[in-house]
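The values are calculated or read from the model by the stated rules, or taken from the named source; none is laboratory data. The shown structure was predicted, so the numbers you read here are calculated from the model rather than taken from an experiment. A quick note on method: Cβ atoms are made from the backbone with ideal geometry, for glycine too, and the neighbour counts reach across all protein chains shown. The accessibility values were calculated without ligands, DNA or RNA, using every heavy atom of the protein model including side chains. Shrake-Rupley method; radii C 1.70, N 1.55, O 1.52, S 1.80 Å.
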Amino acid sequence: MSDLISIFIGMALINNFILTKFLGLCPFFGVSKKLNAAISMGLAVMVVMLAASLVTWVIYYQILLVYEIEYMQIVIYILVIASLVQIIEMAIKRTNIQLYNALGIYLPLITTNCAVLGVTFINTQEGFGLVEALVAALGAGFGFTLVLGMMSGIRERLELADVPESFRGIPVAFLVAMILGLAFLGFGGIV
Amino acid sequence: MIDGLTLIIIVILTLVGLGCGIAIFIFNRILPEESETLKATAKIAEVLPGANCGACGQPGCFAYAQALAADPESFKDQPCKIALNDDQCVADLENVLGMELDAGTPVKAVVHCVGKSEILFNYKGVGTCKSAAQLSGGYKKCAFGCIGLGDCLRACPYDAYTIDEERNVAIVDWDKCVGCGLCVPECPHGLIELVPNDTAQFLGCSYTTLLPIPGRERCEQACIKCRKCVRADEEGRVTWNDERILPNIPSVAVPESVTECPPQVIIKTGK
């Protein structure tokens, strides 16, 4: 159990995907303008991560390892992730069109989101079991959502703040990202 | 020819792909039906050109379709000029929207410069017209003409522009131009104008000052303000614009003026 907790915390905070591993930076700036959209994006990525971890774990240990064709994992993982994103996109489009508009191009772009591919690769590399892999995916998704939520919360306030003209918009967001990254350095060494 | 391992890989890839496809199909059935507005939007999006050029003001064709589905009347404020150029597309859109579209006259872009101005100095800055224009109006002798660094070319989603290497001037291919107008604000010298697509000739010069007289000192093919085009046209269709110190060339054909122009700066369209 403590193993699972340390995996979760390790993936969520210490090796945070956005701020420590620099994965998934595209939605980090693209959808972090509004808190609602950011949280939804984080949840969508988390669902894709969970499902992708489950499916790729099964494929890796039941098919790729058996036939010793591990080198095919990139192609197959991308195939799986792409279809999962298709399903998620379909679901969001039919249930909540406002959310679909808010996420915009970043929703289909989860397909090429390196955070999702990254978590499946880390699962394979670390030799996680199925439960561990799912916990790792949950942790990674949680960390992703957390940082996206923090960033969007800050950026919502930045809209009202008195920022020097040349720093308004994206430049000050980069500065905020830098300070966030420094803050997350503090988690190093917890586990 | 294919060894066992390759065959296994092919089979596995096919099976995984098939599995993914079946999963998508199943979810397609399970998930609730698309709402009526979304269905209408999808229908509109289908007949739109799908170029995602953004000339209508919406971020893409799907967003445009959503706006049209919510309010078909918004076509009047934000017409899709690409669709208007295509009769089939207009018919389809009218069918889907259930209203008559005022097609208007399709327009095309022209560049009011023939680019015969010589190069004044060697410009080695950022390779855009906008930055070159900030340095004494460009690197050519004529500070009004086409700079030729292709800001319009980069703005055009339809590849209608080419840069003539010899003269360093932007040329519009009317077969490709759809009149979306995305290039108009890009030109720092304001040389690009949208004209009706039946325009017969246009003025290939924007030399809007008298000094130094004649304009030829700056460009061998510049308007020399002789007003011969105005005199040649007996029906008074060509007029003189005192403010710009250039003739107003109408869209109807005035062959006399074209042939009479000494620097031959009135150009027939499509040339």
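Residues of region A:80-104 that lose at least 50 Å² of accessible area (1.4 Å probe, protein heavy atoms only) when the other protein chains are present, relative to their chain alone, are A:87, A:90, A:93, A:94. Of B:108/B:225; B:176/B:268; B:124/B:176; B:43/B:76; B:108/B:268; A:34/A:93, which ones are farther than 22 Å apart at the Cα? Among B:108/B:225; B:176/B:268; B:124/B:176; B:43/B:76; B:108/B:268; A:34/A:93, the Cα-Cα distance tops 22 Å for B:108/B:225; B:124/B:176. Working note: 222 nm ellipticity from helices only, DSSP H runs with n ≥ 4, each -39,500 (n - 2.57), summed and divided by the residues of chain B, gives -9000 deg cm²/dmol to the nearest 500. Grouping the Cα pair distances of region A:113-191 into 5 Å bins from zero gives a pair-distance distribution of 3, 12, 17, 18, 17, 12, 9, 6, 3, 2, 0 percent in increasing distance order. Quick one: among B:12, B:171, B:24, which has the greatest mean-square fluctuation in a GNM of chain B with alpha-carbon springs under 10 angstrom? Looking only at B:12, B:171, B:24, the biggest GNM fluctuation is shown by B:12. For region B:107-268, the Cα-based Rg and Dmax, in that order, read 15.4, 49 Å.
Residue separation times 0.36 nm, minus the C-alpha to C-alpha distance between residue B:36 and residue B:13: what's the value? Could the numbers behind the result be given before it?
On the way: separation 23, 0.36 × 23 = 8.28 nm, distance 3.73 nm.
Extending this stretch completely gives an extra 4.6 nm.
Treating each Cα of the protein assembly as shown as one equal point scatterer and applying the Debye formula with no solvent, the log10 of I(q)/I(0) at q = 0.09, 0.12 Å⁻¹ comes out as -0.84, -1.09.
The long axis of helix B:36-47 is offset from the longest Cα principal axis of chain B by roughly 50 degrees. Largest mean-square fluctuation among A:176, A:47, A:163, in a Gaussian network model of chain A whose springs join Cα atoms under 10 Å apart, belongs to A:163.
At a 1.4 Å probe, what is the % contribution of carbon and sulfur to the accessible area of region A:2-185? Present the calculation step by step, with values, prior to reporting the outcome.
Values: 5780 of 8580 Å².
Carbon and sulfur atoms account for 67 percent of the accessible area of region A:2-185.
At q = 0.14 Å⁻¹ the log10 of I(q)/I(0) for region A:35-89 amounts to -0.43, computed by Debye summation with a single uniform scatterer per C-alpha, solvent ignored.
Give the ranking of B:231, B:237, B:154 by solvent-accessible surface, highest area first, calculated with a 1.4 Å probe.
Values: B:231 160, B:237 70, B:154 135 Å².
Final ranking, largest accessible area leading: B:231, B:154, B:237.
Mean separation of Cα pairs under 8 Å and 6 or more residues apart, divided by the residue count, gives region B:107-268 a relative contact order of 24 percent.
How big is the Cα convex hull of region B:3-59 in projection, averaged over all directions, in nm²?
On the way: hull surface 27.8 nm².
With the hull built on Cα positions only, its mean projection is 7.0 nm².
Restriction of the trypsin sites (Lys or Arg not before Pro) in region A:97-191 to DSSP coil positions whose beta-carbon has at most 14 other beta-carbons within 10 angstrom yields A:168.
Over the C-alpha trace of chain B, radius of gyration and Dmax come out as 25.7, 85 angstrom. Averaged over the residues of peptide B:12-24, the number of Cβ atoms from other protein chains lying within 10 Å of each residue's Cβ is 5.
When only Cα pairs below 8 angstrom with a gap of at least 6 residues are kept, region B:36-97 shows a relative contact order of 37 percent. Ranking A:96, B:119, B:20 by Cα position along the charge dipole of the protein assembly as shown, where only Lys, Arg, Asp and Glu carry charges on their C-beta atoms, puts B:119 farthest toward the positive end. So what is log10(I(q)/I(0)) for region A:1-62 at q = 0.13, 0.14, 0.18, 0.24 1/Å, when the Debye sum runs over its Cα atoms only? Normalising to I(0) and taking log10 leaves -0.46, -0.53, -0.83, -1.13.
Once the Cα atoms are used to define both axes, helix A:170-185 deviates from the longest principal axis of chain A by about 50 degrees. For region B:36-97, the Cα gyration tensor yields ellipsoid semi-axes of 15, 13, 11 Å (square root of five times each eigenvalue, largest first, whole Å). Taking every alpha-carbon pair in chain A and binning the separations at 5 Å intervals from zero gives 1, 8, 16, 19, 18, 15, 11, 6, 3, 1, 1, 0, 0 percent. Largest GNM mean-square fluctuation among A:180, A:160, A:54, using chain A with Cα springs under 10 Å: A:160.
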